[in-house]
Structure formats: structure tokens, C-alpha cells
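The values are calculated or read from the model by the stated rules, or taken from the named source; none is laboratory data. Only a predicted model underlies this, so the values are computations on that prediction, with no experimental measurement involved. Here Cβ is always computed from backbone atoms with ideal geometry, including for glycine, and neighbour counts include all displayed protein chains. All accessible areas refer to the heavy atoms of the entire protein, side chains included, with ligands and DNA or RNA removed. Shrake-Rupley method; radii C 1.70, N 1.55, O 1.52, S 1.80 Å.
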Amino acid sequence: MEIWADIPRYQGYYQASSLGRIRRCKAGGKGSVFGKVLSPGQQVNGYLIVILSVCGKTRTERVHRLVAESFHGVAKGMEVRHLDGNMHNNAPENLAWGTRKENMADARRHGTLSCGAKHPAAKLTDESVVVILNDHRKHKEIAAEFGVSRQLIDEIKSGKRWKHIELEVA
């Protein structure tokens with residue numbers, strides 16, 4: 001059975017459900033319908049969002065945050081973690097408040113963290129980073145060969161970037 005709870009910041013206007021859905025609970029302006037379950041959109045990063053309107057002011061909100069606030073309370077400065085790694089599963093039992101560090105650890109464990117070659121802006125592959133780590137030439141020369149900055153080579157060699165790639169000892 002679906003259970004509905006008021007969203008603290010939108011009390012009396014919107015509710016979140018135990019299935020991760022959002023509904024209007026007060027007819028507002030033109031075209032708004034009492035009890036209507038909102039159809040979420042999707043951000044570029046994959047999170048589901050809804051547009052909420054109160055007293056003529058609209059805000060775009062992430063569904064998982066609204067559900068967490070409704071069923072787990074408000075936690076300032078904390079992030080909402082998806083325990084199963086599925087950002088479309090916004091059921092309260094799949095959501096938990098956590099620190100940025102905990103959220104990143106979850107993403108690594110689920111394989112959903114965009115790091116290294118998985119990152120959309122990556123200019124290098126995992127294989128090229130292994131070559132860079134084993135290359136003993138000047139960083140400026142390596143950077144020129146791979147078409148990246150000397151600073152990136154410095155950060156790869158010092159372990160600040162591409163940390164997940166191990167140095168292969170010959």
C-alpha cells in the first residue's frame with residue numbers, strides 16, 4: 001500500500017510517497033489538480049526532478065531529496081544516498097542521509113562514479129595513464145605527446161588524479 005507524507009518545505013501543498021512519487025495535495029493556480037501525481041523529468045546526470053509551484057513561485061526539486069525529507073526528516077548539509085545505486089529508485093527504504101564521503105564511497109561500490117575514462121570529459125584512457133605512470137621523461141614532453149597539460153601529468157604522477165590506476169612495475 002502506498003503511504004503519503006507531507007514534504008516539510010511544502011507542507012499542505014505537496015506530498016511524497018513510499019513508492020518515491022510526488023503529488024500535489026492542494027489545488028493551486030490555473031490547471032492544477034488536487035491529488036495529481038506529478039510526472040518527473042530527468043536531469044542530464046540522471047536524477048529525477050519535479051517542478052513545484054507555491055504562490056506563483058516555481059522551484060525545480062530532486063525527487064529523492066523530497067522523499068528523504070518526508071520520510072527521514074531534514075538533514076542540513078547532508079546528501080541523499082541511493083543505497084542500491086539506482087537513482088530512479090526513490091523509495092524511502094533505498095534512501096539515507098550521508099556525508100559527501102559516504103555518497104562517493106557508495107558510488108564507487110556501485111560502479112556509478114564517473115571517474116577516469118568513464119568521465120565524459122576524459123582525454124585519456126586507463127591504458128594511456130599506465131603508460132604515463134611508467135614514462136620517466138620530463139612531464140612537459142609526456143604532456144605534449146598525449147595532448148594534455150603538464151599540470152595533469154604532475155597530478156597523475158603524484159597520485160592526485162586517476163588514483164584508481166596502479167603503477168605497473170616492470
* Rg/Rg_globular for the stretch 1-85, with Rg_globular taken as 2.2 N^0.38 Å and Rg from C-alpha atoms -> 1.06
* Asked: How many percent of the accessible area of the chain is carbon or sulfur, using a 1.4 Å probe?
  -> 53
* Structure fact -> Of the residues His110, Gly147, His64, the Cα lying farthest along the dipole of the chain towards its positive end, which is defined by charges on the beta carbon of Lys, Arg, Asp and Glu, belongs to His64
* Could you please put Tyr47, Tyr10 in sequence from largest to smallest accessible area, using a 1.4 Å probe? => Tyr47, Tyr10
* Structure fact -> the chain, Gaussian network, Cα under 10 Å: of Ser18, Ser149, Ser53, the residue fluctuating most is Ser149
* So how many Lys-Lys pairs in the chain land under 14 Å Cα to Cα, not counting same-chain pairs under 8 apart? -> 5
* Which residue, Gln11, Gln42, Gln151, tops the fluctuation ranking in a GNM of the chain built on C-alpha contacts under 10 Å? -> Gln151
* To do: Please name whichever of Gly73, Gly12, Thr125 sits farthest to the positive end of the charge dipole of the stretch 7-156, dipole taken about the Cα centre and charges placed at Cβ: Lys and Arg +1, Asp and Glu -1.
  => Gly12
* To do: Determine the calculated [θ] at 222 nm for the chain from helices alone, applying -39500 (n - 2.57) to every DSSP H run no shorter than 4 residues and normalising by the residue count; nearest 500 deg cm²/dmol.
  => -8000 deg cm²/dmol
* Structure fact -> HN-Hα couplings for the stretch 90-99 via Karplus (6.51, -1.76, 1.60; θ = phi - 60°), in whole Hz with x for Gly/Pro, come out as 9, 5, x, 5, 9, 10, 8, 6, x, 7
* Asked: For the stretch 48-131, what does the alpha-carbon gyration tensor say about shape, rounded, prolate or oblate, given a ≥ b ≥ c as the root eigenvalues, a/c under 1.5 as rounded, and a/b over b/c as prolate?
  -> prolate
* Structure fact -> Taking the reciprocal of mean 1/r across every pair of different Cα atoms in the chain, the Kirkwood radius in Å is 19.0
* If Glu2, Glu141 are ordered by their accessible area, calculated over protein heavy atoms with a 1.4 Å probe, which sequence runs from highest to lowest? -> Glu141, Glu2
* Would you grab the residues whose amide H sits under 5 Å from the one on Tyr14? Only those 5+ places off in sequence or on another chain, please, with H modelled 1.01 Å from N. => Ile7, Cys25
* Convert each backbone phi in the stretch 154-162 into a coupling constant with the Karplus relation 6.51 cos²θ - 1.76 cosθ + 1.60 (shift: θ = phi - 60°), then list the ³J(HN,Hα) values in order as whole Hz, x for Gly and Pro. => 4, 5, 5, 5, 8, x, 7, 10, 6
* Dipole magnitude of the stretch 1-145 about its Cα centre, charges +1 at Lys/Arg Cβ and -1 at Asp/Glu Cβ only, in debye to the nearest 20? -> 680
* Integer Hz, Karplus 6.51/-1.76/1.60 couplings in order for the stretch 3-18, x for Gly and Pro -> 10, 10, 9, 4, 8, x, 6, 10, 3, x, 10, 9, 10, 10, 10, 5
